[in-house]
Ligand SMILES: NC(=O)c1ccc[n+]([C@@H]2O[C@H](COP(=O)([O-])OP(=O)(O)OC[C@H]3O[C@@H](n4cnc5c(N)ncnc54)[C@H](O)[C@@H]3O)[C@@H](O)[C@H]2O)c1
């Protein structure tokens, strides 16, 4: 059992969407937290503002083993929770370079440093996408990895490296595989914030193909609580799926959000499908529910209403990101 008295927890990628929620919950629980983040376009310390005085922050690339070693020597963390990753599928299709560097090379560098430092626990953030797609039924933890995008292939590679370290060196790793997260602070290139922002501004709301792809939606607050449980009670060597069980077609979710914002469905604009778009993900999450007594607390309608309200209250933050994104895509298309 890992607890706050066991020592410091080093969290990578904590300036990102899920990592920052995890840190907020860990600090509230009394943990001493060290944050390592490269602050890529997806990282933003604004997400950690409410806990800025409670965490030690290091702007470090996880692929830089030397710098990581210095942080470990100085802070002596007893556990690591590894969120840092390139996380956007569309970007991985366009250019996989950073995905290989961070998700594979970076994970291995971090594992090596954490192993040599003798940490008690290493929680690795994987994803439901490593299983590939599934038409019927649900992915169990023992299912084979069949990733289908450069993003999910890089995440699956990281899983295998973490498992190899566990097998070869008795590295105390636990892997978690959450389903699609939503909630406050998500970068507005991802599905839910894109819909909200476009709808708010009466702009066409882009939906891939006919919007029939199915995802299992999990509020970040529930996801972070599950990861905290795994840090404290998860069995070393095990894998835990983390899903809400609440599956929705993309188009149905878009309709819910438009209704919440009082916007017409005529804003929906079907666009050319993502290359290799996975049809459906669905997790069998009985293991974490039964072994660790975790269950999600926030249903999709309630969570979506809170999320929509959060984006309405934080429009300047969202607008700033959207402007930066538009600049990025213009540059990409100009050089194509
Ligand atoms: N968002 C989801 O729905 C979801 C679902 C399942 C699993 N995951 C996994 O959870 C983790 C967190 O996802 P997220 O949505 O919060 O991601 P995010 O893109 O919001 O945040 C990623 C964070 O990692 C940092 N980072 C990137 N490269 C780095 C590097 N080389 N060194 C140090 N820091 C670096 C970024 O600056 C950012 O703060 C990822 O591993 C992702 O694969 C996400």
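Kindly establish whether residue 241 is within 30 Å of residue 94 (Cα to Cα), surrounded by 14 or more Cβ atoms within 10 Å (Cβ to Cβ), within 15 Å of the ligand (Cβ to nearest atom) and at pLDDT 95 or above. Even if it seems obvious, please write down each step before you answer.
Numbers: within 30 Å of residue 94 (Cα to Cα): yes; surrounded by 14 or more Cβ atoms within 10 Å (Cβ to Cβ): yes; within 15 Å of the ligand (Cβ to nearest atom): yes; at pLDDT 95 or above: yes.
In short, yes.
Evaluate the following for residue 169: is it surrounded by fewer than 19 Cβ atoms within 10 Å (Cβ to Cβ) and either over 17 Å from residue 12 (Cβ atoms) or in contact with a strand residue (DSSP E or B) (Cβ under 9 Å, 6 or more places away or on another chain) (or both)? Full working, then the answer.
On the way: surrounded by fewer than 19 Cβ atoms within 10 Å (Cβ to Cβ): yes; either over 17 Å from residue 12 (Cβ atoms) or in contact with a strand residue (DSSP E or B) (Cβ under 9 Å, 6 or more places away or on another chain) (or both): yes.
Considered against the rule, which asks whether it is surrounded by fewer than 19 Cβ atoms within 10 Å (Cβ to Cβ) and either over 17 Å from residue 12 (Cβ atoms) or in contact with a strand residue (DSSP E or B) (Cβ under 9 Å, 6 or more places away or on another chain) (or both), residue 169 comes out as yes.
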Quick one: is residue 163 out of contact with any helix residue (DSSP H, G or I) (no Cβ under 9 Å at 6 or more places or on another chain), farther than 19 Å from residue 18 by Cα, assigned to a helix (DSSP H, G or I) and at pLDDT 95 or above? yes
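For region 225-294, which strands (runs of 3 or more DSSP E) that fit wholly inside it have 2 or more residues that are over 21 Å from residue 149 (Cβ atoms)?
On the way: elements: 239-242, 247-249, 268-271.
Ranges flagged: 268-271.
Tell me, which residue of region 62-97 that is within 17 Å of the chain's Cα centre (by Cα) and either more than 12 Å from the ligand (Cβ to nearest atom) or surrounded by fewer than 16 Cβ atoms within 10 Å (Cβ to Cβ) (or both) is farthest from residue 163 (Cα to Cα)? Even if it seems obvious, please write down each step before you answer.
The first filter runs over region 62-97 and keeps only residues within 17 Å of the chain's Cα centre (by Cα), leaving 62, 80-92.
Now narrow it down to the ones that are either more than 12 Å from the ligand (Cβ to nearest atom) or surrounded by fewer than 16 Cβ atoms within 10 Å (Cβ to Cβ) (or both): 80, 90.
Values: 80: 15, 90: 27 Å.
Per the stated criteria, the residue is 90.
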Take region 83-101 and flag every residue that is within 24 Å of residue 234 (Cα to Cα) and in contact with a helix residue (DSSP H, G or I) (Cβ under 6 Å, 6 or more places away or on another chain). 83, 85
With the structure loaded, tell me whether residue 130 is surrounded by fewer than 21 Cβ atoms within 10 Å (Cβ to Cβ), part of a helix (DSSP H, G or I) and within 12 Å of the ligand (Cβ to nearest atom) or whether it fails that test. no
Here's a check for you: in region 44-61, which residue that is surrounded by 15 or more Cβ atoms within 10 Å (Cβ to Cβ) and closer than 15 Å to residue 21 by Cβ is farthest from the ligand (Cβ to nearest atom)? 54
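Does residue 135 qualify as being more than 18 Å from the chain's Cα centre (by Cα) and either more than 25 Å from residue 5 (Cβ to Cβ) or within 12 Å of the ligand (Cβ to nearest atom) (or both)? Please lay out each step first, then the result.
Working: more than 18 Å from the chain's Cα centre (by Cα): yes; either more than 25 Å from residue 5 (Cβ to Cβ) or within 12 Å of the ligand (Cβ to nearest atom) (or both): yes.
Judged against the criteria, residue 135 is a match.
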Among the residues of region 174-191, how many are more than 9 Å from the ligand (Cβ to nearest atom) and closer than 27 Å to residue 234 by Cβ? 4
Residues of region 1-26 being away from the ligand (no atom under 15 Å from the Cβ) and touching a strand residue (DSSP E or B) at 6+ places or on another chain (Cβ under 6 Å), in sequence order, are 2, 8, 9
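Which ones in region 105-118 are part of a helix (DSSP H, G or I) and more than 11 Å from the ligand (Cβ to nearest atom)? Even if it seems obvious, please write down each step before you answer.
First, the residues of region 105-118 that are part of a helix (DSSP H, G or I): 105-117.
108, 111, 112, 113, 114, 115, 116, 117, listed by residue number.
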Scanning for something without any contact (Cβ under 8 Å) to a residue 24 or more places away in the chain, more than 18 Å from residue 90 (Cβ to Cβ) and under 21 Å from the mean Cα position of the chain (by Cα), does region 183-193 turn up at least one residue? no
Among (1) part of a loop (DSSP other than H, G, I, E, B); (2) in contact (Cβ under 8 Å) with a residue 60 or more places away in the chain, where does residue 147 come up short? (2)
Are any of the residues in region 192-203 assigned to a loop (DSSP other than H, G, I, E, B) and either within 16 Å of the ligand (Cβ to nearest atom) or surrounded by 24 or more Cβ atoms within 10 Å (Cβ to Cβ) (or both)? no
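Could you tell me how many of the residues in region 320-333 are free of Cβ contacts under 8 Å to residues at least 24 places away in the same chain and either part of a loop (DSSP other than H, G, I, E, B) or surrounded by 13 or more Cβ atoms within 10 Å (Cβ to Cβ) (or both)?
First, pick out the residues of region 320-333 that are free of Cβ contacts under 8 Å to residues at least 24 places away in the same chain: 320, 323, 326-327, 329-331, 333.
If we keep only those that are either part of a loop (DSSP other than H, G, I, E, B) or surrounded by 13 or more Cβ atoms within 10 Å (Cβ to Cβ) (or both) too, we end up with 320.
Of the residues in region 320-333, 1 are free of Cβ contacts under 8 Å to residues at least 24 places away in the same chain and either part of a loop (DSSP other than H, G, I, E, B) or surrounded by 13 or more Cβ atoms within 10 Å (Cβ to Cβ) (or both).
The values are calculated or read from the model by the stated rules, or taken from the named source; none is laboratory data. Remember, it's a predicted structure, so these values are computed and weren't measured experimentally. Glycine gets a Cβ as well: all are built from the backbone with ideal geometry, and neighbour counts include every protein chain shown.
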